[in-house]
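Engineer: One structure, pasted below without further comment.
The values are calculated or read from the model by the stated rules, or taken from the named source; none is laboratory data. All values reported here derive from a predicted model rather than from experimental measurement. Every residue, glycine among them, receives a Cβ derived from its backbone with ideal geometry; neighbour counts consider all protein chains shown. Accessible surface is based on the protein model in full, side chains and every heavy atom, while ligands, DNA and RNA are left aside. Shrake-Rupley method; radii C 1.70, N 1.55, O 1.52, S 1.80 Å.
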Amino acid sequence: MKLPYITVLALSTVFVASGAGAETPLPGGLPPLPPPTRIEQLQNERELLEREAREIGGRRTIQESLRSVNLRISERLAQIKQFEEVAKELGTTIDELENMQAEAKAEVEKIAKGSKADEGIIQGTKLARFMVSRLVDQSLRRVARGLGFVADLTIEGMTVHIKNVTTESFQELIDKQRLNLRDINNLLLALYKDVAVERIVLKRLQEIDRRNAEIIREIVAERERAEQRRLVRQPVLDREQDTEYDRLLDEIERVRFQLKLAEFEGKRADVELLRRRLTELERLADELDEVPPSNIGMLPGGCGTGLFYIPGTDTCLTIGGYVRTSFQEVASSPGIGTIRTGTNETMAFSFSDSLQYWGGGIGLEYGLGSSMSVFGIPSVLSYRFVFGEVAGSWAEAQSEGSLEIGADINLVGATLLREDPTFGTGWSAVAPGFGLSGSADINSTWATGWVGLGHTVPLESREGSGSALVLKAGPFIEGIDFDSSGRMDLTFLGSPFGGVFQTYDLETRDLYVGVKAEAAYVWQPSSPLQFSVGASLSVGYHGARGWINQETGFPGGIVYQSDDYRRDSPFLGFGVSASVKWIPDENVSIESGVTLDFVPNVTAYQIPENPSMQPGSFAQEDIWRLGVKILQAKVSF
């Protein structure tokens, strides 16, 4: 005998739902039902919570139910306050009222919990509400007969407003036996129970609201994890892409199965939801199927500022080095000798206001894979990495020559650091034939090291292009050493004159220790070019040290003068940068760029050029450093 088609479908539905066909479907029947995804589990839980809120709160949404219950409690409390005043006038004590409240609360909680362990709060609160509402209605009607001419009562809406009633009025009601204390107390007991019920409902609604918020956050996190797989792809997508695609196909089949069951059972709301879900899944499957494997690895990913991957993983190792030059302001004013041209006295052997440094650095980045937070900020997709870099540069400068009094120069001499009691401010010569012969030099180095944690936050991803925000933070250290020395002799007709000379040695040391943070916007308009702009901020401790020694020979003796300096203080520095990168291969990048850094509190000494600038002194100067990254190469392993 052949069964009708509708009978076969119904039997197969019962068979699958019972679990008997979970692993082995009926021949020719529907496929087995795959387990729901985490997002679907959360959505189902949320629907159950919203349904429960509607049941016990009586409103469409959780928030509307919360407002409604809060309003009912406020109204009841206002009514209770009025009837408590009446009860007190009739002789009820405060202790008796408190006992009534405790009795009402205990009885309501017992009713709400139910007599069976499997009865939920919905049925319990419904039963409690029904019983209490009848009790309130009956008690209010009894009291209404006694308070009819001194109160406004609306039985249906449960609203009560006591008019201005004096003690004499109450005594008159009692004497006429129109107001009974037992009826008032029974009404208060009923109202206490009503408030207790609503508070149980309110507590449950608050629990539902908190759990609903947690579910929303979990759903957002799950969707962002799913979006992560779409935004960033590994360069080798073969098996990984196939696995994701197969998972989507299984999900599509499962939703189609649920849709058929919903259509068969006539659940219109479920049919509409499942159709929308099916459309979304089919769209995601189409997008994954169309993702091309080429150039995807060039987008911002797990290596931070380098965009390389260890194939088949979410981590990578990148090592790079660079050559750079920089131009840094000279904080001190080193030099030796004094000459006068016209009426202007300046330093004989001096230097320009800036030095050109040459140097380089190396860096390492190791990717830690994806994360759903950025420096503690949750629900943000990023790729974490640890990094470390060291860099250093050096600079040299020299000033030397011979000068003689003539048409342009009318005085040569030497200026002390400060005035001497015996020899005054220094020595000088103005007669023709006298001159100076000398030299001075500068040697300066700076070095820095920085380690920390970084996050690459993808902002946009398309074939061969994309953008990202790269954030880095961690401890750093930087040191600047500055040395300058020189010697000058007084000459007559080109030969040294009578042991009259001057020498100096100047040393300054600056150490910066603190925390540095950097943010860079990386934009790749098309493969293989990439551009970035960034800014950095550093804060911490600065230690400054300085020494200077000067020896000056006079015809009648030698003067030794020296000075030293020490200061520790906090500092705040910042910088900006821009670069362009060429990525010829997925494992190699070549980069050039510029940086402009504000370096605070650099130790400086101002050597006097002439007596009017005495005495010389140490100070701290803020300087600028312009760096040019000539060439940087990175290789991933």
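Engineer: Can you check what the net charge comes to around Asp505, using other residues whose Cβ is under 15 Å from the Cβ of Asp505 (Lys, Arg +1; Asp, Glu -1)?
Structural biologist: Taking every other residue near Asp505 into account, the sum is -4.
Engineer: Then there's this: Before I look further, what does the range 45-98 give for accessible area per residue, probe 1.4 Å, in whole square angstrom?
Structural biologist: Numbers: 3140 Å² over 54 residues.
So the range 45-98 comes to 58 Å² accessible per residue, rounded to a whole number.
Engineer: Also: Counting only protein heavy atoms and using a 1.4 Å probe, what share of the accessible area of the range 457-564 belongs to carbon plus sulfur, as a whole percent?
Structural biologist: 60 percent
Engineer: Once you have the Cα-Cα distance between Arg210 and Asn549, take 0.36 nm times their residue separation minus that, and quote the gain in nm to one decimal. Working shown, then result.
Structural biologist: Working: separation 339, 0.36 × 339 = 122.04 nm, distance 7.24 nm.
Length gained between Arg210 and Asn549: 114.8 nm.
Engineer: Another one. Would you mind getting the accessible area per residue of the range 403-554, heavy atoms of the protein chains only, 1.4 Å probe, in Å²?
Structural biologist: On a per-residue basis, 41 Å².
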